[in-house]
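No value in this document is a laboratory result; all are computed from the given coordinates. Treat the numbers as computed from the prediction; the structure is a model and nothing was measured. Cβ coordinates were reconstructed from backbone atoms using ideal geometry, including for glycine residues, and neighbour counts include every protein chain displayed.
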Amino acid sequence: MSNFIAPGLFILSWFAYGWLVERSPWRNRTLSHYMERERRSWIETMASRDLRMIDTSIMLGLQNGTGFFASTSLLAIGAAFTLLNSTERFLALSDHLPFMMATSASWFELKAIGLLLIYAYAFLKFGWSYRLFNYTSILIGAVPMNNAEATPEERRHAIEKCVGMNLAAAREFTRGQRAFFLAIGYLGWFLGDVLFIASSLVIYTMMAARQFASPARTALMAPPPASAKPQSPEKPD
């Protein structure tokens with residue numbers, strides 16, 4: 001039963017961290033929340049201009065980045081399968097490493113399957129995020145131009161749909177990236193329960209610091225510069 005304490009804490013912490021940054025009263029203080037405001041500001045600005053090449057370039061960058069992580073997830077899944085087929089070699093190696101906790105073949109395979117599931121979860125998140133960014137591109141094209149015969153209500157409805165799709169894609173991407181980071185902490189389980197807990201704690205601390213105390217968050221919280229008061233022209237003597 002004690003073998004399940006470390007993975008149980010890992011799973012519980014995963015849900016707890018997700019609640020903290022997505023649903024808790026403190027979510028409005030996170031880096032992700034401030035970036036959501038910037039995403040909304042971007043779509044609002046996009047709707048006010050007729051030439052949207054810069055917006056299509058931004059969307060292309062978002063899609064390329066998401067596609068890269070989705071492809072990397074597939075490679076990681078393949079690596080996890082390779083690890084699953086290397087049970088005997090790993091057990092033979094662990095006998096010569098004093099800092100590794102003794103484990104059985106079935107328990108090692110269970111750990112490898114857990115790692116495989118984490119990467120599969122990440123792939124599903126990145127793949128769905130990529131699709132949602134595609135939808136966002138379509139909705140950007142559907143926002144009426146300034147000179148279009150559309151009522152203010154129709155324009156507002158199109159903008160809100162585009163913002164909502166953009167935010168949904170960003171949240172899915174963030175969840176996939178979170179799984180990638182936590183997979184690094186999960187690797188500590190192959191060396192022992194204590195290292196598993198310690199490595200996971202380091203990853204959670206790092207992610208929390210990025211959300212609540214990072215230079216990126218500070219940059220987004222910076223107040224706008226005070227507008228300079230116009231100086232009255234000097235009167236000639």
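Among the GluC sites (Glu not before Pro) in segment 129-234, those located in a DSSP loop and surrounded by at most 10 other Cβ atoms within 10 Å of their own Cβ are Glu149, Glu234. Debye calculation, C-alpha points only, no solvent: report log10 I(q)/I(0) for the chain at q = 0.09 Å⁻¹, in the same order as the q values. Per q value, in the given order, log10 I(q)/I(0) is -0.54.
Scanning the chain for long hydrophobic helices, with DSSP H runs required to stretch 30 angstrom or more by C-alpha along their axis and to average at least -1.0 on the Kyte-Doolittle scale, returns 53-84, 105-142, 152-186. Here the chain is assigned +1 on the Cβ of each Lys and Arg and -1 on the Cβ of each Asp and Glu. Its dipole about the Cα centre then comes out at about 300 debye.
Within the listed set Ala183, Ala169, Ala213, the residue fluctuating most in the Gaussian network model of the chain (springs between alpha-carbon atoms under 10 angstrom) is Ala213. Ignoring the sites themselves, the chain has its longest run without trypsin sites (Lys or Arg not before Pro) in a DSSP loop having at most 16 other Cβ atoms within 10 Å at 53-237. Legend: ranking of residues Asp50, Asp55 from fewest to most surrounding C-beta atoms inside 10 Å; resulting order Asp50, Asp55. Counting helices only, and only those DSSP H runs with n ≥ 4, report the 222 nm mean residue ellipticity of the chain as the sum of -39,500 (n - 2.57) divided by its residues, in deg cm²/dmol to the nearest 500. Dividing the helical sum by the residues of the chain leaves -25500 deg cm²/dmol.
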